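The values are calculated or read from the model by the stated rules, or taken from the named source; none is laboratory data. Since the structure is predicted, the reported quantities are computational estimates derived from the model, not experimental observations. Don't worry about glycine lacking a Cβ; one is built from the backbone with ideal geometry, like all the others, and counts go over all protein chains shown. In case anyone asks, the SASA skips ligands and DNA or RNA and just uses the protein heavy atoms, side chains included. Shrake-Rupley method; radii C 1.70, N 1.55, O 1.52, S 1.80 Å.
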Amino acid sequence: QIDDLAEVDYSLSSLPAVFRPFIDLDLKGVAFPAGNYTDSPYVPASFTIPDQSDSMLYLAFSEYFFQTSSFAYYTTGAFNITIAEEVKSGNSFVFSLFFFLQTCSYFNINTEIFGTIIPEVAKYSVTPNPVMLKLMATEIPIISLEQDSFTVEIQGSMEVLAVLPDSTTQSLFTMNIAANTSISLNVFDQKLMGSLCLNRLQFSLAHSNVGSFEVLLLENILSYILQTEVIPSANAKLSKGFPLP
């Protein structure tokens, strides 16, 4: 079990191949939602480990393992979260979204703060009200494996709502989000460790009840928060590593 949301099946996919100098073990390496072994939309591709003999153990991960992990977390709704003064969603956190939640809570974001960035919000909501953010992945994140790292393409949306005095909410606007991140990998002390880097973050206005506005300033501010608060916090967790079988 990886965590409360996902499990991994690393049972043998074929009989061990025993040779004089080495033994080959082919493991399944497929992740799935915890308690629900669901077939993923991906097909594993065969691959071989380069012929080397200067270490006792060589361990290789295919794109399939990371793709099924992405599918498992997407299926459980782990990439969907509501950010407010209190956590409204019941899902366990996922790295960046959880730390984004902490950052937003720290700054106590409300309509007045949004109004300084987006004048249309100030005109629409004259009285300062708390703000609720609903983030969700609209597609399964795409993972591409590269040399010693992998990249993640994320398509999502963020809905910004004002929380009114009677506890009802009023949608202000919704933005599409396109993000590209890369994670470098290494193995240390029987753990898989990583380091996260944000390569690109783009916003576009999907729907607005406050009128049309330019999203560039908001995009720059959120990028700054991610680079200075979210990414370092996520890397602190990634540096703890995931135990290997």
Among all the lysines, which ones have a C-alpha under 16 Å from residue 191's C-alpha, if same-chain residues fewer than 8 places away are not counted? 237, 240
May I ask you to give the solvent-accessible area per residue for the range 6-73, in square angstrom, as obtained with a 1.4 angstrom probe? 72 Å²
Could you work out the local net charge near residue 157, counting Lys and Arg as +1, Asp and Glu as -1, over the other residues with Cβ closer than 13 Å to its Cβ? -1
Between residue 19 and residue 47, what's the calculated FRET efficiency when r is the beta-carbon distance and R0 is 25 Å? Round to 0.05. 0.85
For the range 79-243, which whole-number percentage of the solvent-accessible area (1.4 Å probe, protein heavy atoms only) is attributable to carbon and sulfur atoms? 54 percent
Could you tell me the relative contact order of the chain? Use alpha-carbon pairs under 8 Å, at least six residues apart, and round to a whole percent. 13 percent
Which percent of the accessible heavy-atom area of the range 6-73 goes to carbon and sulfur, probe 1.4 angstrom? 57 percent
Could you work out the longest stretch of the chain that avoids the chymotrypsin sites (Phe, Trp or Tyr not before Pro) located in DSSP loops with at most 11 other Cβ atoms within 10 Å? 48-245
Under 10 °C and 1.306 mPa s, how fast does the range 110-224 diffuse according to Stokes-Einstein, given a Kirkwood radius computed over C-alpha pairs? Answer in µm²/s, whole number. 99 µm²/s
Taking the Cα centroid of the range 168-219 and of the range 114-150, what is the distance between the two, rounded to the nearest whole Å? 7 Å
Can you give the helix-only mean residue ellipticity at 222 nm for the chain, where every DSSP H stretch with n ≥ 4 adds -39500 (n - 2.57) and the sum goes over all residues, rounded to the nearest 500 deg cm²/dmol? -6500 deg cm²/dmol
Gain in length, residue 122 to residue 2, computed as 0.36 nm per residue apart minus the alpha-carbon separation, to one decimal in nm? 38.8 nm
Name the shape class, rounded, prolate or oblate, that the alpha-carbon gyration tensor gives for the range 6-73, where a ≥ b ≥ c are the square roots of its eigenvalues, rounded holds for a/c under 1.5, and otherwise prolate holds if a/b is larger than b/c and oblate otherwise. prolate
So residue 206 and residue 136, fully extended at 0.36 nm per residue minus their Cα-Cα distance, gain in nm 23.8 nm
Over every pair of different alpha-carbon atoms in the chain, take the mean of 1/r and invert it; report that Kirkwood radius in Å. 20.2 Å
Out of 233, 208, 11, any idea which swings most in a Gaussian network model of the chain, alpha carbons joined below 10 Å? 11
